[in-house]
């Protein structure tokens, strides 16, 4: 993935397998393109408004015609108590699609994702590594049609 446009295109390609009840974990250093990927996914699912990083709010909800989409950023998550008080567990259900940036900050609180995506820099380019978990994750990955 050479640039942000390719990262956004990868996000758009993920829309083909996006379903309620699925979860994506997004890993990578600051600026690697996690929110850019989510922006591409949301655009492909029909969202026309602004897509911002939920760094300070921790979650940004999007109501799409076909599903509830929650974009989390746990970079600033302080501890398990904050997680519990915010009621985040309730968002992860069979009626919502969840994208989680910095899932390692919620270690032990999240179930394994369907897709685990790592974005990293290699020189001036970005590289994405997608790992599918058995079942829904494998089906989602097999539905992916992408060429940067």
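The values are calculated or read from the model by the stated rules, or taken from the named source; none is laboratory data. All values reported here derive from a predicted model rather than from experimental measurement. Note that we place each Cβ from the backbone using ideal geometry, even for glycine, and neighbour counts take in every protein chain shown.
Miscellaneous remarks
- One residue stands out among those in region 97-110 that are touching a residue at least 40 places away in the same chain (Cβ under 8 Å) and surrounded by 18 or more Cβ atoms within 10 Å (Cβ to Cβ): the one that is farthest from residue 137 (Cα to Cα), which is 102.
- Hits in region 75-111 (condition: part of a loop (DSSP other than H, G, I, E, B) and out of contact with any strand residue (DSSP E or B) (no Cβ under 8 Å at 6 or more places or on another chain)): 76, 77, 78, 79, 87, 93, 94, 107, 108, 109
- Subset tally (residues that are assigned to a loop (DSSP other than H, G, I, E, B) and more than 17 Å from residue 90 (Cα to Cα)) for region 20-39: 6
- Test: residue in region 40-56 that is over 11 Å from the mean Cα position of the chain (by Cα), free of Cβ contacts under 8 Å to residues at least 12 places away in the same chain, part of a helix (DSSP H, G or I) and farther than 22 Å from residue 132 by Cα: no
Here's the yes/no breakdown for (1) modelled with pLDDT under 95; (2) buried (at least 20 other Cβ atoms within 10 Å of the Cβ); (3) in contact with a strand residue (DSSP E or B) (Cβ under 8 Å, 6 or more places away or on another chain):
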site: 2; (1), (2), (3): yes, no, yes
site: 12; (1), (2), (3): yes, no, no
site: 23; (1), (2), (3): no, yes, yes
site: 28; (1), (2), (3): yes, yes, yes
site: 37; (1), (2), (3): yes, yes, yes
site: 53; (1), (2), (3): yes, no, yes
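- Among residues of region 59-74 being part of a loop (DSSP other than H, G, I, E, B) and over 13 Å from the mean Cα position of the chain (by Cα), the one that is surrounded by the most Cβ atoms within 10 Å (Cβ to Cβ) is 67.
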